[in-house]
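Everything on this sheet refers to the single structure shown next.
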Amino acid sequence: MVANSFDLSLLAPINPGPTRFSDTAGESNLVIDLMFLRCGSAELDHYFILPNYHLFSDHVPLTINIPIGNEIVQSTKLSVIPGSNQDLQVLDTSNIDSIENLNLVVNCLDSIIKQMWFKNAKRTKISKHSKQ
């Protein structure tokens, strides 16, 4: 079943009752269960049928309460200004003839990158026009 592949299941409403009201006299009202919710979720494990809100429609609304928690939305980010990589030019890579010298150059590169970050990183405000 398609619902199973999305980890959804058909659950019973909190207040069972008809979800479609017949326009024709003498016909029965129907229960059409089309609400699929996430399996095993304590927050999303039930829904409500609102029979008093069908107004001019023959179907009633099905509602669910979705909990919304506090979320920290990042409004700034650190970025390095373009063209601030001048410090890399002082790195001497001409004398890498041993593992010891390679380790020295790598450690020097590490120090230069850290210095560049602390020197050139600027806090910018994230807006709807920011690049992703």
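Just so you know, all these numbers are worked out from the coordinates, no wet-lab data involved. What you see is a predicted model, and the numbers here were worked out from it, not measured in a lab. Methodologically, a virtual Cβ is constructed for each residue, glycine included, from the backbone with ideal geometry; neighbour enumeration extends over all protein chains shown.
Observations on the structure shown:
- The peptide list 90-96, 22-28, put in order of mean Cβ contacts within 10 Å with the highest first, becomes 90-96, 22-28.
- Qualifying aspartates and glutamates (Cα of each under 17 Å from Cα of K119; at least 8 residues distant if same chain): D87, D110
- Seen against the Cα atoms of the chain and their longest principal axis, helix 99-120 is set at about 60 degrees.
- Loop trypsin sites (Lys or Arg not before Pro), the range 31-132, which have at most 10 other Cβ atoms in a 10 Å radius of their Cβ (DSSP): K128, K131
- Highest mobility in the GNM of the chain, judged by mean-square fluctuation with C-alpha springs under 10 Å and restricted to I66, I99, I81, is found for I99.
- Label selected from (1) 156; (2) 139; (3) 260, the criterion being volume of the Cα convex hull per residue in Å³ as computed here: (3)
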